[in-house]
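One structure is given here, and the rest of the page talks about it.
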Amino acid sequence: QVQLVESGGGLVQAGGSLRLSCAVSTSIFSSATMGWYRQAPGKQRELVAQLTRRGSTDYADSVKGRFIISRDNAKNTVYLQMNSLKPEDTAVYFCNAAYYGATYWGQGTQVTVSS
């Protein structure tokens, strides 16, 4: 059974930084495309950043230059470093693993950015 556990969310002032972590429970991690999504109240879930097993990255335009996704295959963990946070980054952030047609989600972690 694949489990994804996020951590690192919280309350931060605008301009501050947070680092989210997502630990994956199984050995699929090294072959999976890992992603971070977010969902704000009343809005659809959207892709924030994605990192393939080969190291290719993709970012939403709204976070380019501020967020960095990275992975540590030895720890089965993916990170999202979020800098220069804005109130509009407030959302529940979800970790996602895509592995040969299967998709797995974490439970989400709340990020709140105050102005």
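Backbone phi angles across segment 79-85, fed through the Karplus curve with coefficients 6.51, -1.76 and 1.60 (θ = phi - 60°), yield HN-Hα couplings of 10, 10, 8, 10, 10, 6, 5 Hz in residue order; Gly and Pro are listed as x. Considering all C-alpha pairs of segment 1-43, those separated by over 17 Å amount to 48%.
Given Cα pairs under 8 Å that are at least 6 residues apart, what percent is the relative contact order of the chain? Averaging sequence separation for qualifying contacts and normalising by length gives 36 percent for the chain. Semi-axes of the equivalent ellipsoid of the chain are 23, 14, 13 Å, computed as sqrt(5λ) over the eigenvalues of the C-alpha gyration tensor in descending order.
Shown in residue order for segment 14-20 are the 3J(HN,Hα) couplings computed by the Karplus curve 6.51 cos²θ - 1.76 cosθ + 1.60 at θ = phi - 60°: 3, x, x, 10, 9, 10, 8 Hz (x for Gly and Pro).
None of the figures in this text is laboratory data; all of them are computed from the coordinates on show. These figures come from a predicted structure and were not determined experimentally.
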